[in-house]
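Reading through the structure tokens given below for one structure.
The values are calculated or read from the model by the stated rules, or taken from the named source; none is laboratory data. This is a predicted model, so every value here is computed, not measured. Cβ coordinates were reconstructed from backbone atoms using ideal geometry, including for glycine residues, and neighbour counts include every protein chain displayed.
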Amino acid sequence: MGEYIHQLLTTRDGYSIGYTTVKDEVRRFKREHSFRETFIEQEPPVGWRGEFDFADVVLGIGREECTFSCGGMVLPFSLYRFGRLFRHSGHLEVVQTHIDFFNEIGAVPETIFYDRLGVVYNSRLKRLNDNFLRFAVHCGFTPHVCNAASPQEKGTDEQTVGYIRRYAFGERDSFDTFQEACQWLSTCINEINHLPAYRRDLTPAEGLEVERAHMKPLPSLEYTNCHTRRATLNKYSMVRYENTFYSVPTTYRDRTITMQAYVDTIRLIDGEQVIATHPRRSNSPDPISDIRHFIKTFHRKPEALANSKVFNQCDPRLTHLFTHQCRGDPKEFLPILDLVGDTSEEAFCGALDLLSEENMPITYDTLRFFLFQNPVQMVEPFDFLDAFSVPEPDLDTYDDLLMGWRA
């Protein structure tokens, strides 16, 4: 409206006036002549209502600045709060927040309120998403979506997410690992839930005990929170999910494979057998690969080892062993690489560190010895604690027997 009025004043009427002045005047007119909106304060029954929200949190992990998603839940009656950090933001993370929250409180609220989150509500079709609705039916709660641009309908949780971010990450926002940040968030929320709450006689943790008796029980069957799909292998024995490639063992012969995507992991399944597991990453420029998946191929194509991307992504201790100890000779290195396939990259590098600490030569035999040595069986002490007692001997009786024998 302000832009249209400014155009009329300058082009049709010939006034020289700035757009900001017109915009301020339009805002003042609306404020003085519009109807005053009145809100109705709600007081839902005990244990009836929960509220959910999703927000971004910027943290320093190591030396990198990373953006994570924080799922938050709150019970308005007791102000009991819950939060969890995720690397991604999508259907899996929203559902996992609910599952973890329900398991923590040991119950399910009757109704949970949401803003127009795309995972929950399809704004174009004006209805709840089918996948989320199936989860709600499984758990037994009723999802309620607020009106557009109406944060007051879910005001408790809107304040909760900001409160959690300020309380947990206002003082500290740098961590060594993502797991440390998650543990810090859990510790801070636990402190919040045991502090006095605004206009409440009980702390949130004490109020939860009152609410739990009025909530629904947990579902008897556990909900499987994953995306299952068939994926096609490319010529590098990789499958793609969320613009990231994951390696598949080259011994797998089919062109397609069943993929299960969880919150933190990717599982590749052949029938009933899990043949590979990877950490889940989104939009990673480098493939997520396991060197053990390609060992059989390296035996057939040894010259491809030196410059292969999958090998260059391995632990630097492993690549250093190839370039320096084995002088870049793949035929000499492949038997050692078989040890990685029989154990794991982590165990193999641990054996390398142990040999280096003891100043022992790093060869196939020494590595195999430390990787597959049998634990030494400890000799049990020959001690008996009050098992039986031996009386003190009577020497006079012995003398009498000896004298009688001589007689």
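Could you tell me whether Thr38 is of a type in the set (Val, Ile, Thr) and either surrounded by fewer than 20 Cβ atoms within 10 Å (Cβ to Cβ) or within 30 Å of Glu3 (Cα to Cα) (or both)?
Against the criterion (of a type in the set (Val, Ile, Thr) and either surrounded by fewer than 20 Cβ atoms within 10 Å (Cβ to Cβ) or within 30 Å of Glu3 (Cα to Cα) (or both)), Thr38 qualifies.
Name the single residue, out of those in the range 36-81 being of a type in the set (D, E, K, R) and not in a strand (DSSP E or B), that is nearest to Phe102 (Cα to Cα).
Glu43
With the condition kept exactly as written, say whether any residue in the range 57-78 is touching a Gly at 6+ places or on another chain (Cβ under 8 Å), among the polar types (S, T, N, Q), surrounded by 15 or more Cβ atoms within 10 Å (Cβ to Cβ) and closer than 30 Å to His194 by Cα.
yes
Limited to the range 236-247, what total is found for residues that are surrounded by fewer than 17 Cβ atoms within 10 Å (Cβ to Cβ) and on the phi > 0 side of the Ramachandran plot?
2
Which residues, taken from the range 220-235, are touching a strand residue (DSSP E or B) at 6+ places or on another chain (Cβ under 8 Å) and either without any contact (Cβ under 8 Å) to a residue 24 or more places away in the chain or surrounded by 14 or more Cβ atoms within 10 Å (Cβ to Cβ) (or both)?
Cys226, His227, Ala231, Leu233, Asn234 - these are the residues of the range 220-235 that are touching a strand residue (DSSP E or B) at 6+ places or on another chain (Cβ under 8 Å) and either without any contact (Cβ under 8 Å) to a residue 24 or more places away in the chain or surrounded by 14 or more Cβ atoms within 10 Å (Cβ to Cβ) (or both).
Is it the case, given these coordinates, that Thr297 is closer than 25 Å to Cys349 by Cα, part of a helix (DSSP H, G or I) and out of contact with any strand residue (DSSP E or B) (no Cβ under 9 Å at 6 or more places or on another chain)?
The answer is yes for Thr297.
Within the range 356-364, is there a residue that is under 44 Å from the mean Cα position of the chain (by Cα), at pLDDT 85 or above and under 22 Å from Ser247 (Cβ atoms)?
Looking through the range 356-364, none of the residues is under 44 Å from the mean Cα position of the chain (by Cα), at pLDDT 85 or above and under 22 Å from Ser247 (Cβ atoms).
Out of the residues in the range 97-129 that are in a strand (DSSP E or B) and not β-branched (Val, Ile, Thr), state the one that is nearest to the chain's Cα centre (by Cα).
Taking the candidates together, the pick is Tyr114.
Give the residue that is farthest from Cys70 (Cα to Cα), with candidates limited to residues of the range 265-301 that are surrounded by fewer than 16 Cβ atoms within 10 Å (Cβ to Cβ) and touching a residue at least 40 places away in the same chain (Cβ under 8 Å).
Lys296
With respect to Leu218, determine if the residue is closer than 20 Å to Gly83 by Cα, modelled with pLDDT of 95 or more and not in a helix (DSSP H, G or I).
Considered against the rule, which asks whether it is closer than 20 Å to Gly83 by Cα, modelled with pLDDT of 95 or more and not in a helix (DSSP H, G or I), Leu218 comes out as yes.
With the condition kept exactly as written, say whether any residue in the range 47-56 is over 25 Å from Asn122 (Cα atoms), surrounded by 11 or more Cβ atoms within 10 Å (Cβ to Cβ) and either under 49 Å from the mean Cα position of the chain (by Cα) or not aromatic (Phe, Trp, Tyr) (or both).
Yes, the range 47-56 contains a residue that is over 25 Å from Asn122 (Cα atoms), surrounded by 11 or more Cβ atoms within 10 Å (Cβ to Cβ) and either under 49 Å from the mean Cα position of the chain (by Cα) or not aromatic (Phe, Trp, Tyr) (or both).
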